[in-house]
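The values are calculated or read from the model by the stated rules, or taken from the named source; none is laboratory data. This is a predicted model, so every value here is computed, not measured. Virtual Cβ from ideal backbone geometry, glycine too; neighbours counted across all protein chains shown. The accessibility values were calculated without ligands, DNA or RNA, using every heavy atom of the protein model including side chains. Shrake-Rupley method; radii C 1.70, N 1.55, O 1.52, S 1.80 Å.
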Amino acid sequence: PKVLLLAAACLVAELTVLDDLAWLGGRLELLLLVSVFAALFARDRRQALIACWCVGLVKDLGSAGPLGLHAVLFLGVGWTILSLKQLLFRESVIMQAGVAAAGCAAVAITTALFVSVTVGGVPASLWVTKTLMSALVTALLAPAFVRLLITANFLVR
């Protein structure tokens, strides 16, 4: 329940305060950060996957895409993190930033491909720049965000 409340708050932030903030087309992906760090810090695999899927559904509620697209993508990112969890040192700020950047890039590229197939071609120059900038912005904020979540007792160490 705490993760869903956090996801709802992040959705509101993404749709209001953060809506106009972009750097070369790149946007901060707060909901993805919630999903990524739920996967990194969840007590068990099932809890992590349910959290990732639910956070993705919250993202879908605020997006123009089909319901379930982000849920499936966030679930895939969460599953990948869980599969590699033994290799990841989750306390490292570099690892946190790297995992956030990789997850953000994977979701952005897959979303661009989905839109290209279903609606029409998205120019590569547009989605490549946006993907790189979103991954960078999200990665830069990731360590501070996870520290905030740990301090607020949203994530267990």
> In the set Ala97, Ala112, Ala64, which member is free of Cβ contacts under 8 Å to residues at least 60 places away in the same chain and closer than 24 Å to Phe41 by Cβ?
Replying inline: Ala97
> Looking only at segment 81-96, which residues are outside any loop (DSSP other than H, G, I, E, B), farther than 17 Å from Ala38 by Cβ and either under 12 Å from the mean Cα position of the chain (by Cα) or not β-branched (Val, Ile, Thr) (or both)?
Replying inline: Gln86, Leu87
>> I need the full set of residues from segment 56-94 which are acidic (Asp, Glu) and modelled with pLDDT of 95 or more, in order please.
In response: Asp60
> So which of Ala144, Ala102, Ala139 ends up being open to solvent by less than 30 Å² (accessible area, probe 1.4 Å) and either of a type in the set (Ser, Thr, Tyr) or in a helix (DSSP H, G or I) (or both)?
Replying inline: Ala139
> For residues in segment 28-69 being under 17 Å from Ala102 (Cβ atoms) and assigned to a loop (DSSP other than H, G, I, E, B), which is nearest to the chain's Cα centre (by Cα)?
Replying inline: Glu29
>> So in segment 1-27, with the set limited to residues that are part of a helix (DSSP H, G or I), open to solvent by 70 Å² or more (accessible area, probe 1.4 Å) and in contact (Cβ under 8 Å) with a residue 12 or more places away in the chain, which one is nearest to Thr151 (Cα to Cα)?
In response: Lys2
>> Anything in segment 44-69 that is under 15 Å from Val3 (Cβ atoms) and either open to solvent by less than 50 Å² (accessible area, probe 1.4 Å) or aromatic (Phe, Trp, Tyr) (or both)? List them, or say none.
In response: Ala48, Leu49, Ala51, Cys52, Trp53, Cys54, Val55, Gly56, Leu57, Val58, Lys59
